[in-house]
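In what follows, a single structure is set out as structure tokens and then discussed.
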Amino acid sequence: MNIPNSKLPRVVIIGGGFAGVNLAKTLANKEVQVVLLDKHNYHTFQPLLYQVSSSGLEPDSIAYPLRKIIKKHKNSFFRLAEVKHIHAEKNEVETSIGVLSYNYLVIATGTKTNYFGNASIETNSMPMKSVPQALNIRSLILQNLEKAAIANTKEERNAFLNFVIVGGGPTGVELAGAIAELKNHILPRDYRDLDSKDMQIHLLEGANRVLPPMSEHASKKSETFLKSLGVDVHTNTFVKDYDGKTVITNSDLVLHTETLIWAAGVTGAPVFGLNASSLLERANRYKVNRFSQIEGYQNVFALGDIAFMTTENYPNGHPQVAQPAIQQGKLLGKNLIKLIHNKELKPFTYNDKGSMATIGRNKAVVDLKHFKFGGFFAWFIWMFIHLMSLVGFRNRVIVFFNWTYNYINFDKAARLIIRPFKK
């Protein structure tokens, strides 16, 4: 891989998400050699993927080159590679571009879409876990609007105008709100030959309320906001099958649609090679201790969504969101330096800063430790926090400009079919 030999301990990080990037930043210019591996050459700000898929933002405004993040880090390297296998007994990782040895290995590979074993849904639905997938959704939505404009029958047109989102968590709720704004503000102006009333948006959630991880206050508020935007919310509803045309549910509800977006769950994305006993099978997450060490290993660690760490306050593991990954990455960076110098390690304690979701223009919900609120102020806080969390000044400026333009003009400027999508 052309990584120079060094007397410094080598830390290999698999994954350039929130956990991997924050670990790399914490180890910057320390007495270690850092090698960051990822199958993409950019970090993705996943909380805003739904805005790419709904034409609100261009992908380059939520992605940031990994090499640019570490360019000023002495003894830090990036390689574009997919890790195939871990040979823990030899302290090596086998990748698509070669084999690399390590002193310390950190797995921060995150999650992938969970279809719960349903091959038909996996084949015909649209996932949204990466920038390319978000662009596929954007293209499909716009292509279906174009097809609806030339449809010969009402049934055919309605299938193109019917959008089904499965999963009422933050991703599903935010995407449903964004598509509803497309219906309410863009369709009447750009597609005057279509009746916006014919466009239907269905949000399906298996639990008895949307946003199950958040408070009941947030759930009720968000459902009210969604319904005010014209979204049909179906709780206690599971999808049993989807053949690309028809959605079959556990109830009498049957939906005919050309677009089903799957946001119903995730599962870990582990790497082959470690002992099966170190993996929690039902969630595909590595079992780690309070120092992020994988069970059965001293020099192999896991961070973020792929790590299952039980504590008194989180007996079922930490939530699979950005903050635990960020905090774990920062702490492990400090602990690795302590480990190298034989100092006592600090156990991880999660500082829950709250959770939030936006449903659309002037509509959001925020759950803090002692306060729960929704509406314009919550929406403003959501925007500010997400804006400040983006990597890179340029991305913050571009996103702020886009949001300002969209707010003033009730517009989504990225309505471009750059790469047509074919099912």
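The values are calculated or read from the model by the stated rules, or taken from the named source; none is laboratory data. Bear in mind that the values here come from a model prediction, so they are computed numbers and not experimental data. Glycine also receives a Cβ, built like all others from the backbone with ideal geometry; neighbour counts cover every protein chain displayed. Surface areas here come from the heavy atoms of the whole protein model, side chains and all, with no ligands, DNA or RNA. Shrake-Rupley method; radii C 1.70, N 1.55, O 1.52, S 1.80 Å.
Residues considered: K84, K112. Of these, the only one that is part of a strand (DSSP E or B), open to solvent by 50 Å² or more (accessible area, probe 1.4 Å) and within 28 Å of L175 (Cβ to Cβ) is K112. Of all the listed residues (V271, V300, V288), the sole one being open to solvent by less than 50 Å² (accessible area, probe 1.4 Å), farther than 28 Å from F116 by Cα and within 25 Å of the chain's Cα centre (by Cα) is V300. Consider I201 carefully, then state whether it is part of a helix (DSSP H, G or I) and either acidic (D, E) or touching a helix residue (DSSP H, G or I) at 6+ places or on another chain (Cβ under 8 Å) (or both). The answer is no for I201. Within segment 16-44, the set of residues being over 11 Å from N75 (Cα atoms) and open to solvent by 10 Å² or more (accessible area, probe 1.4 Å) comprises G17, F18, N22, K25, T26, D38, K39, H40, N41, Y42, T44. Of all residues in segment 365-412, those that are under 27 Å from N184 (Cβ atoms) and surrounded by fewer than 14 Cβ atoms within 10 Å (Cβ to Cβ) total 11.
Does segment 232-284 hold any residues that are of a type in the set (S, T, Y), under 19 Å from L161 (Cβ atoms) and in a loop (DSSP other than H, G, I, E, B), and which are they? Once the filter is applied, which keeps residues that are of a type in the set (S, T, Y), under 19 Å from L161 (Cβ atoms) and in a loop (DSSP other than H, G, I, E, B), segment 232-284 yields only T257.
One line per residue, one yes/no per condition, for (1) in a loop (DSSP other than H, G, I, E, B); (2) at pLDDT 95 or above:
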residue	(1), (2)
E344	yes, yes
F348	yes, yes
A357	no, yes
V366	no, yes
K369	yes, no
M388	no, no
V391	yes, no
N395	no, no
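I'd like to know if segment 154-168 contains one or more residues that are assigned to a loop (DSSP other than H, G, I, E, B), closer than 27 Å to D305 by Cα and in contact with a Ser or Thr (Cβ under 9 Å, 6 or more places away or on another chain). Yes, some residue in segment 154-168 is assigned to a loop (DSSP other than H, G, I, E, B), closer than 27 Å to D305 by Cα and in contact with a Ser or Thr (Cβ under 9 Å, 6 or more places away or on another chain). State whether one or more residues within segment 152-159 are in contact (Cβ under 8 Å) with a residue 24 or more places away in the chain and within 25 Å of V365 (Cβ to Cβ). No, segment 152-159 contains no residue that is in contact (Cβ under 8 Å) with a residue 24 or more places away in the chain and within 25 Å of V365 (Cβ to Cβ).
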